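The values are calculated or read from the model by the stated rules, or taken from the named source; none is laboratory data. Everything numeric here is computed off the predicted structure, so don't read it as measured data. Backbone-built Cβ (ideal geometry, glycine too); neighbour counts: all protein chains shown. The accessibility values were calculated without ligands, DNA or RNA, using every heavy atom of the protein model including side chains. Shrake-Rupley method; radii C 1.70, N 1.55, O 1.52, S 1.80 Å.
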Amino acid sequence: MTGRLPPKDGLAEDDPVGCTAVVRRERAGTELLCLHRAGEAAAYDGDRGWTPPAGCRQPGEPVLAAALRALGEEAGIDEADVWAVDLSGSWALFAADVADDVTVDLRDPEHDRCAWLSPQEAAARIRPEEVARAQVARAAAVPRLSVGFRPLTRADFPDVVAWQAQPYVARWWSHEATDVAGAERHYGPALDGDDPTRMWVAEVNGRSVGLLQDYRVGDHPDWALLTARPEAVGVDYLLGDPSWVGSGVGTRMLWTYLRDVVVPHYPGVRQVFAAPDHRNAASLRVLDKLGFTRGLWFDEPRSDGRRDTVVGCTLDVARVLGPGARFVTRR
């Protein structure tokens, strides 16, 4: 489902109006879970005959909670690493990686059977083709991997220097670590506890690939005044390994970081705030896909005297992740 659905009684009227969770396992290569709709002839394969687990949101229901509910109600899968692929449209798209031996339980009589299909087979069965292309193909294309985070150490400074030297990073990231001495000057205070910013290294399949940081905006008075978000938690991020750029890994990395690292550490946080350069289309698109809302443009002064125009982007934590959301992550 990709078009805007008309509102129904008892269902959410704000976007996204519903969620799809594309379930993936690795057995004979990547296989996707497809459910067959009941209520038609047994051989029914027509429009919307086969579908991934999906469902409409209820009024006020967090977006992640709606995806978890659909996955449980339609496939009987209550534990999985569910991550956002794209929450920016009228129908949210998630993916869920499960164990090869996961049991599917068709609890909802809406479906009468299921099948594990290759991405190509799934695309051939799911109709309309627009749904297969916009949902299944996009979720299947993201590499299957493990994502984890660990605190930054001084031993990581050479990697930080190399990451920030990547042309696609250097254009947007402040010149904080042109060499190891620069990394020490900029990040050393946080490592020593003299700056409240928390610094992290992202690991993909056990290898260091990027840098992230989070902080209470109010702990930085000038930034709090500039952003008018003193109660928010600010985040910055970079994916420094070019081999993962453009594959959807950056979106998954940031989603997992927000869900498992940032939000649990700041009880009661209502907003997460990020402010990419207004020309940084790739970073802005990642935030869009994670449910951030673009807001005020403003000028941010830099240490070298420049002023960059940035776009304030805000994640409504309760609306997207939900208060007390159930997080299940396999690393």
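At a glance:
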{"item": "Among (1) more than 21 Å from the chain's Cα centre (by Cα); (2) open to solvent by 10 Å² or more (accessible area, probe 1.4 Å); (3) modelled with pLDDT of 90 or more, the one test that SER90 misses", "result": "(1)"}
{"item": "Check on ARG127, at pLDDT below 95, open to solvent by 30 Å² or more (accessible area, probe 1.4 Å), under 30 Å from ALA75 (Cβ atoms) and out of contact with any Lys or Arg (no Cβ under 9 Å at 6 or more places or on another chain)", "result": "no"}
{"item": "Sole exception among (1) touching a helix residue (DSSP H, G or I) at 6+ places or on another chain (Cβ under 8 Å); (2) at pLDDT 95 or above; (3) open to solvent by 20 Å² or more (accessible area, probe 1.4 Å) for ARG107, by number", "result": "(2)"}
{"item": "Candidates GLU110, GLU74, filtered to the one that is under 25 Å from the mean Cα position of the chain (by Cα) and of a type in the set (D, E, K, R)", "result": "GLU74"}
{"item": "Meets criteria (more than 22 Å from the chain's Cα centre (by Cα), open to solvent by 50 Å² or more (accessible area, probe 1.4 Å), under 27 Å from ALA84 (Cβ atoms) and of a type in the set (Lys, Arg)) for ARG207", "result": "no"}
{"item": "Residues of the range 98-114 that turn out to be under 14 Å from CYS34 (Cα atoms), of a type outside the set (A, V, I, L, M, F, W, C) and either assigned to a strand (DSSP E or B) or touching a residue at least 60 places away in the same chain (Cβ under 8 Å) (or both), as a count", "result": "4"}
{"item": "Residues located in the range 220-236, provided they are in contact (Cβ under 8 Å) with a residue 12 or more places away in the chain, open to solvent by 20 Å² or more (accessible area, probe 1.4 Å) and assigned to a helix (DSSP H, G or I)", "result": "LEU226"}
{"item": "Given (1) among the small types (Gly, Ala, Ser); (2) surrounded by fewer than 15 Cβ atoms within 10 Å (Cβ to Cβ); (3) in contact with a Ser or Thr (Cβ under 8 Å, 6 or more places away or on another chain), number of the condition ALA202 does not satisfy", "result": "(2)"}
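For (1) open to solvent by 30 Å² or more (accessible area, probe 1.4 Å); (2) of a type in the set (S, T, N, Q); (3) more than 19 Å from VAL311 (Cα to Cα); (4) in a strand (DSSP E or B), each residue gets a yes or a no:
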| site | (1), (2), (3), (4) |
| --- | --- |
| GLY218 | yes, no, no, no |
| LEU238 | no, no, no, yes |
| SER247 | yes, yes, yes, no |
| TYR257 | no, no, yes, no |
| ASP260 | yes, no, yes, no |
